[in-house]
């Protein structure tokens, strides 16, 4: 089944601004570029990752009203939780593994620690979005039959008072206008951060760290990615970026890409992946 048609962008939203559109275009460009030389690879990978994240989160925002009208909240909210978790998980991995490794091996501490500080200008509001989506979905009639594929939020996130701090009350049911208004409070800051971060991880940083150390970091990252549940990580990634980019960045074995993704992992949550741009990538033909 094809992707759901993308709703129009509201004129008042972050996504309608030239700044956000320019950032999206810059990130998207990376997904269509060949693999660069090692000095430029880290920034290229990050731009491609940011394309994945912004594409997913944009669709959370844009499909909010449509999902209510189509009576498809179980799938939409499941997709939305995966989308927000992708961003949360990426930043957590940067803060706990990637940036400390780079600093240890010669990267500029101030620049990378500045990136971490930037995370915390929007992540609490983003985490509240995650909690709201997760808790609203849990109240739906069929939620127990199709549980969320992402892990439970940690204790620190669970303690956020999303009603008192943000006015997000799951007990009142899903409110698409409320969700969009809340997302408007943090999306612009997130986009600014993602664009500015690229400047801190270019050739000057990679040359300071060195090619061999970056190769070792690549091994660490790959091992980390392989530990993720493919039902949320691989399926949402495959269904969002083009297949050539998936092949280049993830370098999955044939069996995983051609058999396990389309025939084992994608099917249970197929309705969720129709909110992605390229659900056809989760088929036998699409993974070729």
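Computed from the coordinates by the stated procedures, all read-outs in this text should not be read as laboratory data. Note that the coordinates shown come from a computational prediction; the quantities given were computed from them, not determined experimentally. Note that we place each Cβ from the backbone using ideal geometry, even for glycine, and neighbour counts take in every protein chain shown.
Per the conditions (1) more than 19 Å from residue 160 (Cβ to Cβ); (2) surrounded by 21 or more Cβ atoms within 10 Å (Cβ to Cβ), the sole criterion not satisfied by residue 85 is (1).
When the residues of the range 166-200 are narrowed to those that are farther than 30 Å from residue 108 by Cβ and not in a helix (DSSP H, G or I), which ends up nearest to the chain's Cα centre (by Cα)?
185
Taken as a whole, the structure leaves residue 63 outside the set of residues that are within 10 Å of the chain's Cα centre (by Cα) and under 24 Å from residue 12 (Cα atoms).
Residues in the range 68-82 that are under 15 Å from residue 240 (Cα atoms) and surrounded by fewer than 23 Cβ atoms within 10 Å (Cβ to Cβ): 0 in all. For the range 234-256, the set of residues classified as more than 22 Å from residue 85 (Cβ to Cβ) and in a helix (DSSP H, G or I) consists of 243, 244, 247, 248, 254, 255, listed by residue number. Residues of the range 65-110 that are outside any helix (DSSP H, G or I) and over 21 Å from residue 232 (Cα atoms): 70, 71, 105, 106, 107, 108.
The condition (being under 21 Å from the mean Cα position of the chain (by Cα), in a helix (DSSP H, G or I) and either in contact (Cβ under 8 Å) with a residue 24 or more places away in the chain or surrounded by fewer than 18 Cβ atoms within 10 Å (Cβ to Cβ) (or both)) is satisfied by just one residue among 231, 268: 268.
Condition first: more than 20 Å from residue 71 (Cβ to Cβ) and part of a helix (DSSP H, G or I). Now tell me which residues in the range 271-280 satisfy that.
280
Out of the residues in the range 274-283 meeting the condition of being crowded, with 21+ Cβ neighbours inside 10 Å and farther than 18 Å from residue 256 by Cα, tell me which one is nearest to the chain's Cα centre (by Cα). Looking at the filtered set, the residue picked out is 276. Considering 65, 90, the condition of being free of Cβ contacts under 8 Å to residues at least 60 places away in the same chain and either surrounded by fewer than 22 Cβ atoms within 10 Å (Cβ to Cβ) or farther than 23 Å from residue 230 by Cα (or both) is satisfied by 90 alone. Total residues in the range 68-87 satisfying the condition of being free of Cβ contacts under 8 Å to residues at least 12 places away in the same chain and closer than 25 Å to residue 227 by Cα: the figure is 0.
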